[in-house]
Amino acid sequence: VQLQASGGGSVQAGRSLRLSCAASGIDFNIYELGWYRQAPGKQRELVATFGRGGSTNYADSVKGRFTISRDNSKNTVYLQMTGLKPDDTAVYYCNARTWRNDFWGQGTLVTVSS
């Protein structure tokens, strides 16, 4: 099983980035997918999830700015981030889980400067 995240980088506040996470080795369709992040000195926190049935959930801090989506035909989950803020600086991790399994990608760094 592999979750390969990409798309991170350094941007100025107010700009946008799109993260991608390509999965292999799993039946992508049955997994709930999510993005989490961990800022320096802080615990990992939920950013957004996309359930099997199409429901989405967002952290209050990103509502209205971030959008999670999935393409089951490409085994890929995306996180479109707009209006980035310095507080969004973190390593972003993708996640795929069922009641039995819980897989994590390697993380991609997003740095937002003011």
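The values are calculated or read from the model by the stated rules, or taken from the named source; none is laboratory data. Not measured: the values here are computed from a predicted model. Glycine also receives a Cβ, built like all others from the backbone with ideal geometry; neighbour counts cover every protein chain displayed. Ligands, DNA and RNA are stripped out before the accessible areas are found, and what is left, the full protein with its side chains, is counted by its heavy atoms. Shrake-Rupley method; radii C 1.70, N 1.55, O 1.52, S 1.80 Å.
So, with +1 on the Cβ of K and R and -1 on the Cβ of D and E, and no other charges, what is the size of the charge dipole of the chain about its Cα centre, to the nearest 20 debye?
Dipole size: approximately 120 debye.
Charges only on Cβ, +1 for Lys and Arg, -1 for Asp and Glu: so what's the dipole of region 52-114 about the Cα centre, in debye to the nearest 20?
Magnitude of the dipole: close to 240 debye.
Looking at 105, 68, 41, which one has the Cα that reaches farthest to the positive end of the dipole of the chain (charges on Cβ: Lys, Arg +1; Asp, Glu -1)?
68
By how many nm would the segment from residue 16 to residue 87 lengthen if fully extended, with 0.36 nm per residue of separation less the alpha-carbon distance?
Result for the pair: 24.2 nm of gain on full extension.
Keeping all protein chains in place, calculate the accessible area per residue for the chain (probe 1.4 angstrom), answer in Å².
Value for the chain: 53 Å² per residue.
With a 1.4 Å probe and all protein chains kept in place, how do 84, 46, 17 rank by accessible area, largest first?
46, 17, 84
Mind jotting down the three principal axis lengths of region 64-104 based on Cα atoms? Whole angstrom, largest first.
Its Cα atoms span 35, 21, 15 Å along the three principal axes.
Could you give me the ³J(HN,Hα) list for region 68-77, computed from phi with Karplus coefficients 6.51, -1.76, 1.60 and θ = phi - 60°, whole Hz, x at Gly and Pro?
9, 8, 9, 10, 5, 6, 10, 6, 9, 10
Report the Cα-based extents of the chain along its three principal axes, largest first, to the nearest Å.
Reported extents, whole Å, longest axis first: 40, 24, 24.
Simple spin-label model, 7 Å along Cα-to-Cβ: residue 71 to residue 111 in nm?
About 2.9 nm, to one decimal.
Between residue 100 and residue 27, what length comes free when the chain is fully extended (0.36 nm per residue of separation minus the Cα-Cα distance, one decimal in nm)?
Between residue 100 and residue 27, full extension yields 25.0 nm more.
Among 96, 23, 59, determine the one that fluctuates most according to a GNM of the chain built with springs between C-alpha atoms less than 10 Å apart.
59
Sort 18, 37 by accessible area with a 1.4 Å probe, largest first.
Sorted by accessible area, descending: 18, 37.
Along the Cα→Cβ direction, 7 angstrom out, place labels at residue 2 and residue 56. What is the inter-label distance in nm?
Each label point is offset 7 Å from its Cα along the Cβ direction, giving 2.8 nm.
Out of the total accessible area of the chain (probe 1.4 Å, heavy atoms of protein only), what percent is carbon and sulfur?
44
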